[in-house]
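Engineer: After the structure tokens below, expect a handful of questions from me.
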Amino acid sequence: MPPLTCNVPQSVLDALKARCMSTGESLDHLVTEALADALQLEHATLFQVSTSGALVEGVYRGSVSVAKLLEHGDFGLGTFDALDGEMVVLDGKCHQARGDGTVEEADPSGKVPYAVVTHFQPRETGSALEIRSVAELTAFLDGLRATGNLFFAFRVDGVFDRVHLRAVCKATGHERLVDAAARQAEFSHTGLEGTLVGFWTPAYAKNLGIPGYHLHFISADRKRGGHVLDCAGSGWRVQVQQITDFRMAIPETKEFLQANLTRDPSRDLEQAER
């Protein structure tokens, strides 16, 4: 991140130091956030539709349109109304990877029951020399996180020697996520150029988001994509964004308001997502 040097009144500096002391924020973070707010810039904000707990309980009715979602971010992932496929948001466009293997740009008026997006502004860039599994990839990404208590966005670009994907199939009536995921379609590809879109969610947010890594993929030709189950390759370009602001659109649908969201969703998420 480039440095910024400027002169400020002593009273402003004293106020900044006092704020840092009281909140534990770094001076860099506080000044960056204040400038971004003053300039009306979107900055390091994770915008989420609904909760992972609701998704686990089968709350799949869309509550936010694709067009509205894209106002809050140009990079992200999620799913669609009735769990109709996997979402990949990349470079400001939203793509839908369905269970029949097709990928198309999502209808702007289509509804979203769960998604996470951000305006991707990476702070770090690295290179993954050789990755032989998704476990090795997540271990590599661990080394790029300075903490386990903030949210992170990751973008990985390159040629994937092997990528194993899944796409959930449209739900038939009301069924919980683990049951819907049991009918998922799986696809394996080799020598495929593309981009991996991913997020890290801290464990303390397990009732809101999907804890740990959540990774989706889309090919460079935008014809193949889905949720990443495994992958391998080398020479990938990896970009990282640390996210310090979290905002959520809470559905007001009857389905959400009447759902029992008190259960710990961790076990079901692990089974459905991994």
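Engineer: Which of the strands (runs of 3 or more DSSP E) found entirely inside the stretch 90-198 contain at least 2 residues meeting this: at negative phi, touching a strand residue (DSSP E or B) at 6+ places or on another chain (Cβ under 9 Å) and buried (at least 18 other Cβ atoms within 10 Å of the Cβ)?
Structural biologist: Ranges flagged: 93-97, 114-118, 124-131, 151-167.
A quick yes/no check of all residues on (1) among the hydrophobic types (A, V, I, L, M, F, W, C); (2) modelled with pLDDT under 95; (3) more than 17 Å from Ser234 (Cα to Cα):
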{"position": "His95", "(1), (2), (3)": "no, no, yes"}
{"position": "Gly101", "(1), (2), (3)": "no, yes, yes"}
{"position": "Ala106", "(1), (2), (3)": "yes, no, yes"}
{"position": "Val116", "(1), (2), (3)": "yes, no, yes"}
{"position": "Gln121", "(1), (2), (3)": "no, yes, yes"}
{"position": "Thr125", "(1), (2), (3)": "no, yes, no"}
{"position": "Ile131", "(1), (2), (3)": "yes, no, no"}
{"position": "Asp157", "(1), (2), (3)": "no, no, no"}
{"position": "Leu165", "(1), (2), (3)": "yes, no, yes"}
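Engineer: Could I ask something else about it? Could you check the stretch 14-73 for helices (runs of 4 or more DSSP H) lying wholly inside it with 3 or more residues that are loosely packed, with under 15 Cβ neighbours inside 10 Å and at pLDDT below 85? Before you say what the answer is, go through the steps one by one.
Structural biologist: Details: elements: 27-38, 52-56, 66-70.
The qualifying helices (runs of 4 or more DSSP H) are 27-38.
Engineer: Name the pairs whose Cβ atoms lie under 7 Å apart, with the first residue in the stretch 259-271 and assigned to a helix (DSSP H, G or I), the second at pLDDT below 80, and 6 or more positions between them or separate chains?
Structural biologist: Asp268/Leu177; Asp268/Val178; Gln271/Val178
Engineer: Do the conditions hold for Trp236, that is, is it touching a strand residue (DSSP E or B) at 6+ places or on another chain (Cβ under 6 Å), under 23 Å from Arg267 (Cβ atoms) and assigned to a strand (DSSP E or B)?
Structural biologist: no
Engineer: Also: Pick out the one residue from Ala203, Ala220, Ala182 that is free of Cβ contacts under 8 Å to residues at least 12 places away in the same chain and either not hydroxyl-bearing (Ser, Thr, Tyr) or not assigned by TED's automatic domain parsing to the domain that holds Phe152 (or both).
Structural biologist: Working: Ala203 fails: free of Cβ contacts under 8 Å to residues at least 12 places away in the same chain; Ala220 fails: free of Cβ contacts under 8 Å to residues at least 12 places away in the same chain.
When all the criteria are applied, what remains is Ala182.
The values are calculated or read from the model by the stated rules, or taken from the named source; none is laboratory data. Predicted, not measured: the structure shown is a model, and the values here were computed from it. With ideal geometry, Cβ positions are generated from the backbone for all residues, glycine too; neighbour counts draw on all protein chains shown.
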